[in-house]
1. Residues of segment 121-152 being within 18 Å of the chain's Cα centre (by Cα) and either of a type in the set (G, A, S) or more than 26 Å from K59 (Cα to Cα) (or both), which ones?
2. For residues that are surrounded by 17 or more Cβ atoms within 10 Å (Cβ to Cβ) and within 24 Å of H62 (Cβ to Cβ), tally how many sit in segment 254-277.
3. Checking the structure you have, find out if any residue of segment 79-87 is under 23 Å from F160 (Cα atoms) and polar (S, T, N, Q).
4. Is it true that some residue in segment 50-64 is surrounded by fewer than 23 Cβ atoms within 10 Å (Cβ to Cβ), modelled with pLDDT of 95 or more and in contact with a Lys or Arg (Cβ under 7 Å, 6 or more places away or on another chain)?
5. Just a yes or no: is a residue in segment 179-191 within 25 Å of I100 (Cβ to Cβ), in contact with a Pro (Cβ under 9 Å, 6 or more places away or on another chain) and touching a residue at least 40 places away in the same chain (Cβ under 8 Å)?
6. Could you pull out the residue among P326, P272 that is closer than 19 Å to S250 by Cα, part of a loop (DSSP other than H, G, I, E, B), touching a residue at least 12 places away in the same chain (Cβ under 8 Å) and touching a Gly at 6+ places or on another chain (Cβ under 8 Å)?
7. How many residues, within segment 61-77, are part of a loop (DSSP other than H, G, I, E, B) and within 15 Å of the chain's Cα centre (by Cα)?
8. So which residues in segment 78-88 are assigned to a loop (DSSP other than H, G, I, E, B) and either β-branched (V, I, T) or closer than 23 Å to E29 by Cα (or both), if there are any at all?
Amino acid sequence: MLSLRRVVASVVSVGALALAVVSASARAEVVTILNSGDATVTLIDKDTQKVLETFPVGKEPHHLIATPDDKSLIVANAVGNDLVFLDPVTGKVQQRVPNIDDPYQIGFSPDQKWFVTTGNRLDRVDVYRWDGRQLKIAKQFPLPKTPSHIAFTADSKIAFITLQDSDQIAAIDLNSLTVLWTMDAGSAPAGIWVTPDQKYLLVGMTGADYVAVIDWRTRTVVKQIQTGKGAHNFRAVGDKRHLFLTNRVSGSISIIDQQTLSKVGDITGLLPGPDDMELTADGKTLWVTFRWARSVGLIDVASRKLVKTIRVGKSPHGIYFRTRAPLY
């Protein structure tokens, strides 16, 4: 027969274990996926890679970004005309900010003073002042058709906007709040990136099969880097040199060297429509949304192989997890 002391010790031990499990579960980090075609968010346990839940968030959630203090994750509902703030670790809703017109892509300037949204449907870019807590509209810029992706100079002076259905790029001066220029770029420019030396823009041509290298000071396309059909969006590898680029139509990911301005590799054998990406902090696993396959994929970076797929909602687009490799 067990002694009372041993029973109590056993109960205490089991209780402590249960509390530890609950605590660990509460601390589990989630991967947040935006299902733009379903108006939902899917949360996946980052460690177990199991779907935890899917819940409605607003009409056409496409892109998301963490606040500069990393305390919130902002989801932009383009057709819902609002922003939803989520807990970046658990994915739980913190607040909803209404009356944000057509926020398709969103971005904070490096100095954290400006919040920029592209109005894909409205052909407009809106610039907001950000004080760390609230957004206040500064100016709205009507632009040519389909403003899409955003990039900033490191000094936060200029925001570059791709105009996808106009085959152009626009530059907005954030100090004077004026449009500096627009230029022809190529077929359906989408993802846009400023090289670390601030010399060039790299622009994915979704209507073609290359990345345009643009000297933005002279507004000249100086080179084309052949990648794959539907060259679309970038994600830094985290070494301050290389970038991943999704090729939507080819169903592949290219690796770009920002110093030599060349392609140095491809990841093939993927599902249809690779789009947005997130990279684990150790740089070993690349998570990718597949817009045309209702799935998220995990790629082993070392072997360049797709090792797992997870079913999510319709037209998965934006993806985020907090513990990740550097963005630049």
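The values are calculated or read from the model by the stated rules, or taken from the named source; none is laboratory data. Fair warning: this is a prediction, and the values are worked out from it, not measured in the lab. Here Cβ is always computed from backbone atoms with ideal geometry, including for glycine, and neighbour counts include all displayed protein chains.
1. Within segment 121-152, S148, A151, F152 qualify.
2. Qualifying residue count for the region: 10.
3. Scanning segment 79-87 turns up at least one residue that is under 23 Å from F160 (Cα atoms) and polar (S, T, N, Q).
4. no
5. no
6. Numbers: P326 fails: closer than 19 Å to S250 by Cα.
None of the other options fit; the residue is P272.
7. Residues flagged as part of a loop (DSSP other than H, G, I, E, B) and within 15 Å of the chain's Cα centre (by Cα) within segment 61-77 amount to 4.
8. V79, D87, P88
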